[in-house]
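The values are calculated or read from the model by the stated rules, or taken from the named source; none is laboratory data. Note that the structure is a prediction, hence the values are computed from the model and not measured. Note that we place each Cβ from the backbone using ideal geometry, even for glycine, and neighbour counts take in every protein chain shown. Only protein heavy atoms, including side chains, enter the accessible area calculation; ligands, DNA and RNA are left aside. Shrake-Rupley method; radii C 1.70, N 1.55, O 1.52, S 1.80 Å.
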Amino acid sequence: MPSTHTNTADKIIVDRRKPHRNSDVARAVRRIRDRLAQQPGNVGFDRELLKLHADSTISAAVAVPLLVLLIAIGGMLAGMTLSIAIWALITVACYGGLGFLAKRVGRTATDDIDVSRTKRAFLIAHFVSGIGWAYLAALQCDQCHVAQFPVVKAVLLLLAVAASALIAASLRGALVATFALPVLLYAVLGANLRQPVEALMAALLVLALPFFSYISGHIYRSSLMLLSFRTEKDALIAELETAKAMSDEARLRAEEANLAKSRFLASMSHELRTPLNAILGFSEVMGSEVLGPMTNHTYKDYAHDIHSSGQHLLTLINEILDLSRIEAGRYQLNEEALSLALVVEDCCHMMTLKARGKDLRIVEEFEQGMPRLFADERAVRQITLNLLSNAVKFTSTGGEIRVRVGWTAGGGQYLSVKDNGPGIAEDEIPVVLSAFGQGAIAIKSAEQGTGLGLPIVQGLTELHGGSFDIRSKLREGTEVIVVFPASRVMEALPAMPTQGAAAGGRRR
């Protein structure tokens, strides 16, 4: 439900330490709850219908007196001077009371309307306004020059019923309260039922009242549906306002967290690297026995452990800083023309010693004569070393690592590192591509890493405008492909002419 979702989001997003921000969110939440409370069928919705009825009555405040005035003029021309004038005054006075009530309800705030009392007052006012039409229904005109005066009265009453069915559609029972008495008086006093025409008009008038009541009910239901749609629209708008307020709050908190992370990383870069350099230097001095031999070999082993642990921690710090710069868009590429095959070959030679320690074989398959690539050499080396390090780490003893460099179908260049290790499950690939994410094989492995190697490779590849793809199956190995776009491949320039050839050309 929308309200439940709002409460949950409010608990998550709102920062209790910043009340000046939370006030906007709290106001938006209150508006949502107030609007959602006004659903069809409750008191708030009935108040809206009464306000709608008051507005329609006020809008018709000119139309009804104008109709009465036209009828009165016609009656005077027909010879009904006094009686029609009295009827006009009574009808306008009765409708004046109805209009006064509608104006008072229109000025009243929606939340202050007493539904039952206001509805009762409207029905009484409609009944009173029907007294004028009842007077017309019972009016006789022996001296007027109209041959079918009862028929004329029936037609006028039909027009009044039809008009009231449209005006009073927002209030159920208003049409019956207004015209039940006039129709009854017409059938009893205003028409001679022994005359076929007058009896037919009386029957039409009696049938017109339920018919127009049915039409009015349809209009009422349409109004109800429109109000329901408007309420739902207001609820959606209010919910969007709340979501926007909460998203703004979340954005501010994310910006503050990002700023705090940047400050922390900048501080960590200095505060951790400085003592780490001392730890690495002193442990290397102690392990190498530069200042003299150690009588206790255990201390020498401790020195080597301290040095390897410091190297691991320094690598972790560098990877975290690199990934943070990539995510923040502050990693600067120092682009130059380089040979992708030569860089990858150099990295393979660097990893050869580590691969031999696990009895692994690195197979190089490089296409010859490839033009240079416009890229950051440090980033390309980091990409290659991270991929080779992962392959060496997770490939079983006696395995094979195949490194390929070549052309893509689109004219770009690619780097592929494929091993025959345990592989990665398909559902774990998004995990290993996330920061600090590790698959089940890596968690069980004794050589656990930081989980930052592949995210850094992916980020550096995207900075070059390239693509990154992992193809892996369990117990079949893993292949990682890094593609550099064709726009970074540099075309070979033609050879410059020699000085002699240029002079000969000038002589010709």
Accessible area in square angstrom per residue, region 304-375, 1.4 angstrom probe: 59 Å²
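Please arrange 124, 320 by accessible surface area, largest first, computed with a 1.4 Å probe and ligands excluded.
Heavy-atom accessible area, descending, gives 124, 320.
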Which distance in nm do the two modelled labels at residue 225 and residue 180 give, with both placed 7 Å along the Cα-to-Cβ direction? 2.9 nm
Which order do 255, 239 take when ranked by solvent-accessible area (1.4 Å probe, heavy atoms of all protein chains), largest first? 255, 239
Length gained if residue 467 through residue 192 is fully extended, taking 0.36 nm per residue and subtracting the Cα-Cα distance, is 89.5 nm
Residue-span extension gain [residue 252 to residue 63] - 0.36 nm each, minus C-alpha spacing: 62.3 nm
In nanometres, the difference between 0.36 nm per residue of separation and the alpha-carbon distance of residue 345 and residue 237 is 32.8 nm
Expressed in square angstrom to the nearest 10, the accessible area of residue 473 with a 1.4 Å probe stands at 130 Å²
Dipole check, region 67-181, charges on Cβ (K,R +1; D,E -1), about Cα centroid: among 154, 123, 180 the Cα furthest to the positive pole belongs to 123
How much accessible surface area, in Å² rounded to 10, belongs to the heavy atoms of residue 490 with a 1.4 Å probe? 80 Å²
Quick one: of 261/358; 119/244; 51/233; 261/418; 354/473; 103/244, which pairs are farther than 31 Å apart, Cα to Cα? 261/358; 119/244; 261/418; 103/244
Based on the inverse mean of 1/r over its pairs of different Cα atoms, what is the Kirkwood hydrodynamic radius of region 199-352, in Å? 24.3 Å
Show me the ranking of peptides 411-417, 370-376 by mean Cβ neighbours inside 10 Å, starting with the highest. 411-417, 370-376
With labels modelled as points extended 7 Å from the Cα through the Cβ direction, what inter-label distance (nm, one decimal) is found for residue 370 paired with residue 434? 3.3 nm
Taking 273-285, 98-110 and ranking on average Cβ neighbours within 10 Å, highest first, one gets 98-110, 273-285
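Let me check something: with ligands and nucleic acids excluded, how do 469, 419, 301 order by accessible area (1.4 Å probe), largest to smallest? Present the calculation step by step, with values, prior to reporting the outcome.
Numbers: 469 65, 419 25, 301 90 Å².
Correct descending sequence by accessible area is 301, 469, 419.
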